[in-house]
Amino acid sequence: MNKIKEILKSKKVLSLLFILVAVTYFLVLCRGLLFKYVRPWEVFSDERYFYTGYNLVPFNGSGLDFRIDLIINTILFMPFGFMISMKSKHNIKSFLYLLIPLASSFIFEFTQYLFKLGAADVTDIIMNTVGSLIGFAVYYVWFKLMGNKADRIIVYLMSTVAVIELLLMY
């Protein structure tokens, strides 16, 4: 039993689990943001569903669907904030780390527009970035409360969620 605990505490296992989580998270983001209307292998097919457009006016929407979309975009990027915080050596004060989710969100939105996979929306970029900021803040508080074991607990929880997501995805 002690040997299993040692293995689970090892940095190698944590690193492998982190990679599993990061790859799964990326796949979930791609599925949710890029491939909600089209399967990946249909992207260059002429017979697929084409949906495109753009909105450059922030928060230009109303109704329940708009509010749900805001919440989903925020929640969807919270793990991004966790993961960046974990790998940034807990230096969440650096504004450079804020550019990573902002740039990633922009790339997703631009890709949607470019390949006609969905509408590019500035509100999505804002809410995705806000979600990452919330992830940064939650991780910071979690780390202050839990100390050095915070990373291990988060990686185990996120890897469990990652496995469930992979099973539900396919």
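Please compute the length gained on full extension between THR111 and PHE66, using 0.36 nm multiplied by the number of residues separating them and subtracting their Cα-Cα distance. Don't skip to the end; give the middle numbers.
On the way: separation 45, 0.36 × 45 = 16.20 nm, distance 2.12 nm.
Extending this stretch completely gives an extra 14.1 nm.
Enumerate the amide H contacts of ALA120 below 5 Å, restricted to partners 5 or more residues apart or on another chain; note that Pro and chain-start residues carry no placed amide H.
Residues meeting the amide H criterion: GLY53, TYR54, ASN55, TYR113.
Work out the FRET efficiency for ARG152 and PHE35 from their Cβ-Cβ distance, taking R0 = 35 Å, and round it to the nearest 0.05. Walk me through the numbers before you get to the answer.
Numbers: r = 32 Å, r/R0 = 0.92.
After rounding to 0.05, the efficiency reads 0.60.
In the chain, which helices (entire DSSP H runs) extend 15 Å or more along their own long axis, judged by Cα positions, while averaging at least -1.0 on the Kyte-Doolittle scale?
Qualifying helices: 11-29, 63-87, 96-114, 122-146, 150-169.
Within the chain, which is the longest segment that contains none of the trypsin sites (Lys or Arg not before Pro) sitting in a DSSP loop with at most 16 other Cβ atoms within 10 Å?
117-170
For PHE59, enumerate residues with amide H under 5 Å from its amide H, sequence gap 5+ or separate chain, H modeled in the peptide plane.
Placed amide hydrogens put THR123 under 5 Å from PHE59.
Readers should treat all values here as calculations from the given coordinates under stated rules, not as data from a laboratory. Predicted model, so just to flag it, every value in this text is computed and none were measured. Cβ atoms come from the backbone with ideal geometry, glycine included; neighbour counts cover every protein chain shown.
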